[in-house]
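Heads up: the structure comes next, in structure tokens.
The values are calculated or read from the model by the stated rules, or taken from the named source; none is laboratory data. It should be emphasised that the depicted structure is a prediction, and the values quoted were computed from it without experimental measurement. Glycine gets a Cβ as well: all are built from the backbone with ideal geometry, and neighbour counts include every protein chain shown.
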Amino acid sequence: MSRKVVVTGLGAITPIGENVQETWKSALQGVSGVRALEQDWVRTYDLPVRIGALSPQPAEDVVSRVQAKRLDPSGQLSVAAAREAWTDAGFSGRDADTSDEVDPTRLGVAFGTGIGGVWTLLDAWDTMREKGPRRVKPMTVPMLMPNGNASSVSMEFKARACAITPVSACASGTEAFYQGLHLIRSGKADVVIVGGAESAIHPITIAAFNSMQALSRRNDEPERASRPFDVDRDGFVMGEGAGAVILESEEHARARGARVYAELAGAGLSADAHHITAPATGDEGGPARALREAMESGDIAPEDIKHVNAHATSTPVGDVPEAGALRAAFGDAVDQMAVSATKSMTGHLLGGSGAVEGVLAVLALTERTAPCTINLENQDPRIDLDVVTTARDLPSGDMVAISNSFGFGGHNSVAAFRSV
Amino acid sequence: MASKEEILAGLAEIVNEETGLETDAVQLDKSFTEDLDIDSISMMTIVVNAEEKFDVTIPDEEVKNLKTVEDAVNFIDNAQA
């Protein structure tokens, strides 16, 4: 019998809230975090995409001025979200060294990112060209490396079991749950800080995603641009932010009297080996296989699942296969699932999205409410799902909520949470 | 040309910006590593910022000789001349 893994702390800093409470409130009210981008570079380069979902800055008492100079913006968001989750989990000290309840060598980190320190790298290139190599900051490499966020969280909380970095594009944040689950089940760690972060709204990334026709160009109506499952969707909206969750063995959580939000009952992971960007479809496609692994690893029946936080990015090609994968994996039970596409509000946080959506899926269970999917005016007829447009009550009793993420490269990850 | 007092004050500001240490803590007799707990990465940042501020060049091989704040003030003072 493998160890049960539970959720004991939540953290988020997103385009729709400075913390978990604000993000959840916005997600119930249907608040959009998408805005017109006002930065000079939007005009300088005459970018065809001029919208994005920016995150608030972490408060200085969470990430100090000096610390901020040594962290990429994505690292600052990582530390902020992890700090909220740590505090929420009720540990007595600021870190594992000062908290009696957790052994630092039994505390792990699995913190994902899609790209890593893209701002740091590109700022360094600008500095190099303008001022020469001498002016390139000595902290450039530690700040740009993709494992920087996991490392920063590990140092912040004195997590010494391990600090791993799932890097699977937009699936990274959900893959962190998978890794955290297995770190605890295998006995490697008792507590794992899992999460994901991204801060990559830069003219280069906008230009690059735009070149592949991935982004919405609904520049005149920013708040209506991210519209998963709608017939008029024309691409995703780049967002930034971070989510973090404290996972803990049930035994460990009970021993310290922690509040338990939910059980991380199962998780799934798969690779398509199909196409670099187009998702695999059908019964044996990667998304359907990841969904089935999540069920099997959590002893979950399709009928148990009442809520899905969908990947649903609002791209013309991406949203339809997800609906097909859900039906392939769950059969007609999918008709009883309330499906929410919260990227309609947050935009797409890339490597941070799965972490934030995991937080929202847990809250959907505890609050028994499925959050909104805004901008769904005409549902694509190929998407045969019960999509929640305005926040809706979920049934009482035992249930499972899942969160899906599918990334460029054919990476698929699923996290399945069971009510406690 | 900055006076030695101005160099010390300027260095203290750079150290504060990089490490958060109070400017008052940056005294001539303090060792960067032993007293101010400045690691090699921060030291390089401080050196590069000092080069920019005082318009001098501090060669990499010289940095290891700048053990105390006074060493740095004297080096910058001489380099300006």
Item to complete: Run down A:ALA361, A:ALA391 and say which single residue is among the hydrophobic types (A, V, I, L, M, F, W, C) and within 22 Å of A:ARG292 (Cβ to Cβ).
Response: A:ALA361
Worksheet item: Are any of the residues in the stretch A:265-281 over 26 Å from A:ARG227 (Cα atoms), surrounded by fewer than 21 Cβ atoms within 10 Å (Cβ to Cβ) and of a type in the set (Gly, Ala, Ser)?
Response: yes
Fill in: Criterion (more than 14 Å from every other protein chain (Cβ to nearest Cβ), among the hydrophobic types (A, V, I, L, M, F, W, C) and on the phi > 0 side of the Ramachandran plot) met by exactly one of A:ALA169, A:ALA189
A:ALA169
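Of all residues in the stretch A:47-71 being within 19 Å of A:SER353 (Cβ to Cβ) and buried (at least 22 other Cβ atoms within 10 Å of the Cβ), which is nearest to the other protein chains (Cβ to nearest Cβ)? Before you say what the answer is, go through the steps one by one.
The first filter runs over the stretch A:47-71 and keeps only residues within 19 Å of A:SER353 (Cβ to Cβ), leaving A:49, A:51-56, A:58.
Filter once more, so that each one left must be buried (at least 22 other Cβ atoms within 10 Å of the Cβ): A:49, A:51-53, A:55, A:58.
Details: A:VAL49: 35, A:ILE51: 35, A:GLY52: 30, A:ALA53: 31, A:SER55: 24, A:PRO58: 16 Å.
Among those residues, the one meeting the criterion is A:PRO58.
So, in the stretch A:72-81, of the ones that are over 18 Å from A:LEU122 (Cβ atoms), in contact with a strand residue (DSSP E or B) (Cβ under 7 Å, 6 or more places away or on another chain) and among the aliphatic types (A, V, I, L, M), which residue ends up surrounded by the fewest Cβ atoms within 10 Å (Cβ to Cβ)?
Of the stretch A:72-81, the ones over 18 Å from A:LEU122 (Cβ atoms) are A:78-81.
Next, from what is left, pick out any that are in contact with a strand residue (DSSP E or B) (Cβ under 7 Å, 6 or more places away or on another chain): A:78, A:80-81.
Subsequent filtering for residues that are among the aliphatic types (A, V, I, L, M) retains A:80-81.
On the way: A:ALA80: 26, A:ALA81: 36.
That would be A:ALA80.
Can A:THR127 be described as surrounded by fewer than 24 Cβ atoms within 10 Å (Cβ to Cβ), within 14 Å of chain B (Cβ to nearest Cβ) and not aliphatic (A, V, I, L, M)? Steps first, please.
Values: surrounded by fewer than 24 Cβ atoms within 10 Å (Cβ to Cβ): yes; within 14 Å of chain B (Cβ to nearest Cβ): yes; not aliphatic (A, V, I, L, M): yes.
So A:THR127 passes the test.
State whether the residues of the stretch B:26-33 include one that is without any contact (Cβ under 8 Å) to a residue 24 or more places away in the chain, farther than 15 Å from B:ALA79 by Cβ and under 12 Å from the mean Cα position of the chain (by Cα).
Checked against the condition, which is being without any contact (Cβ under 8 Å) to a residue 24 or more places away in the chain, farther than 15 Å from B:ALA79 by Cβ and under 12 Å from the mean Cα position of the chain (by Cα), the stretch B:26-33 yields no hits at all.
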Worksheet item: among the charged types (D, E, K, R), within 12 Å of another protein chain (Cβ to nearest Cβ) and within 11 Å of the chain's Cα centre (by Cα): does that describe B:GLU51?
Response: yes
Response to the item:
For helices (runs of 4 or more DSSP H) lying entirely in the stretch A:313-420, having 2 or more residues that are at pLDDT 95 or above and among the β-branched types (Val, Ile, Thr) picks out A:353-367
Worksheet item: Looking at this structure, is B:THR23 within 22 Å of A:THR127 (Cβ to Cβ) and either at pLDDT 95 or above or within 14 Å of chain A (Cβ to nearest Cβ) (or both)?
Response: no
Discussion item. Looking at A:VAL388, A:VAL414, A:VAL400 in this structure, which one is under 17 Å from the mean Cα position of the chain (by Cα), buried (at least 23 other Cβ atoms within 10 Å of the Cβ) and among the aliphatic types (A, V, I, L, M)?
Written reply: A:VAL414
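Being in contact with a helix residue (DSSP H, G or I) (Cβ under 9 Å, 6 or more places away or on another chain) and either within 13 Å of another protein chain (Cβ to nearest Cβ) or of a type in the set (Phe, Trp, Tyr) (or both) narrows it down to one residue among B:MET43, B:MET1; which is it?
B:MET43
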Worksheet item: So which residues in the stretch B:57-81 are within 12 Å of another protein chain (Cβ to nearest Cβ) and within 13 Å of the chain's Cα centre (by Cα), if there are any at all?
Response: B:THR57, B:ILE58, B:VAL63
